[in-house]
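One structure below.
The values are calculated or read from the model by the stated rules, or taken from the named source; none is laboratory data. Quantities reported herein were computed from a predicted structural model and do not represent experimental measurements. We place every Cβ from the backbone using ideal geometry, glycine too, and count neighbours over all the protein chains shown.
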Amino acid sequence: MTSTVAVIGLGAMGLPMAARLAERFEVRGFDIADQRLALADQHGVAPAASAVEAVSGAQAVIVAVRTGEQLRELLFGEAGLAEHLDEGAVVILTSTVGTDGIAELAERLAESGASLVDAPLSGGPVRAGQGDLLIVVGAAPAALAVAQPVLEQLASTLTVVGDKPGDGQALKTVNQLLCGVHIAAAAEALALADALGLDRERTLEALSAGAAGSFMLANRGPRALQAYDEGGAEVLSRLDIFVKDLGIVGAAARAQHLAVPVAAAAEQLFLLGEAQGLGALDDSAVIRVVAPIRRSPQA
């Protein structure tokens, strides 16, 4: 049975996931920022003095890193967490890092007696704290059996897409193609409505209720309308995340000799946004790339 979980990294996603897991499991968390450790303690998560201390004795270890290279460094580099994992422990990768090198990392981890569970997720910090995430999984059945109680505590939708690490990353890559394109399309649509002098809120309401609606339009649309306000919209998903993720999409498509011109166009908008200093803003701020200023009076 899985009773102890370690969460390495207590940032925007790591902390609410750790707090959610603490409702059911003993959870130890580690972060390099003392203030995040203090917050974790307030949410029922035992703060660890080091990553090694956090993973010792844990049956499941959740890691959220930006790239595959960071995962490699965490497990086999200076931190060397792989050699401190218990026999039979699982490392649950929740990030979108692409498929490159995942199979190799899983093989190296197996040599240490542990397993890699490829489980990229979507949903944002609020849904993480509510256990309302979408998680897609690629993992061997034995590893999945250890990780499943943890994943079920975090997910409202848990889909096993394959029996090997890398399968989850593959499906998440496809998911991010659609998400990036939908956000970019929503930004263009709302910018055009603004330029035509339409009431922005009424336009968003009408579009969301019809055939042109999408999750991203309904979710990002209201924040896109706040993108021009002082301070912008609350940052729930950074714009530069889609620079990374659509880069992964492009690399995967090129490796398969597949053209993805719509995804490539969306990637350019996010790259332009990053170049214009919008990378740390909410990804809905991509509307400011399409239309740097509002064209119609505030409704």
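It is to be established whether one or more residues within region 196-210 are surrounded by fewer than 18 Cβ atoms within 10 Å (Cβ to Cβ), within 16 Å of the chain's Cα centre (by Cα) and assigned to a helix (DSSP H, G or I). Please lay out each step first, then the result.
Here is the first cut: in region 196-210, the ones surrounded by fewer than 18 Cβ atoms within 10 Å (Cβ to Cβ) are 196-199, 201-202, 205-206, 208-210.
Keeping just the survivors that are within 16 Å of the chain's Cα centre (by Cα) gives none.
Looking for residues that are surrounded by fewer than 18 Cβ atoms within 10 Å (Cβ to Cβ), within 16 Å of the chain's Cα centre (by Cα) and assigned to a helix (DSSP H, G or I), one finds none in region 196-210, hence no.
Out of region 165-195, which residues are of a type in the set (D, E, K, R), over 14 Å from the mean Cα position of the chain (by Cα) and surrounded by 19 or more Cβ atoms within 10 Å (Cβ to Cβ)?
Asp167, Asp194
Against the conditions (1) more than 13 Å from Thr4 (Cα to Cα); (2) surrounded by fewer than 23 Cβ atoms within 10 Å (Cβ to Cβ), where does Thr94 fall short? Just the number, please.
Result: Thr94 fails condition (2) only.
Quick check, is Glu104 free of Cβ contacts under 8 Å to residues at least 12 places away in the same chain, surrounded by fewer than 24 Cβ atoms within 10 Å (Cβ to Cβ) and in the same structural domain as Ala18 (by TED's automatic domain parsing)?
Spelling it out, Glu104 is indeed free of Cβ contacts under 8 Å to residues at least 12 places away in the same chain, surrounded by fewer than 24 Cβ atoms within 10 Å (Cβ to Cβ) and in the same structural domain as Ala18 (by TED's automatic domain parsing).
If you take the residues in region 220-235 that are surrounded by 19 or more Cβ atoms within 10 Å (Cβ to Cβ) and either at pLDDT below 95 or hydrophobic (A, V, I, L, M, F, W, C) (or both), which one is nearest to Leu178 (Cα to Cα)?
Ala224
Which condition from (1) under 23 Å from Val91 (Cα atoms); (2) under 20 Å from the mean Cα position of the chain (by Cα) is the one that Gly221 breaks?
Gly221 satisfies all of (1) under 23 Å from Val91 (Cα atoms); (2) under 20 Å from the mean Cα position of the chain (by Cα) except (1).
Output the number of residues of region 251-266 satisfying the condition of being farther than 25 Å from Arg295 by Cβ, surrounded by 15 or more Cβ atoms within 10 Å (Cβ to Cβ) and under 19 Å from the mean Cα position of the chain (by Cα).
2
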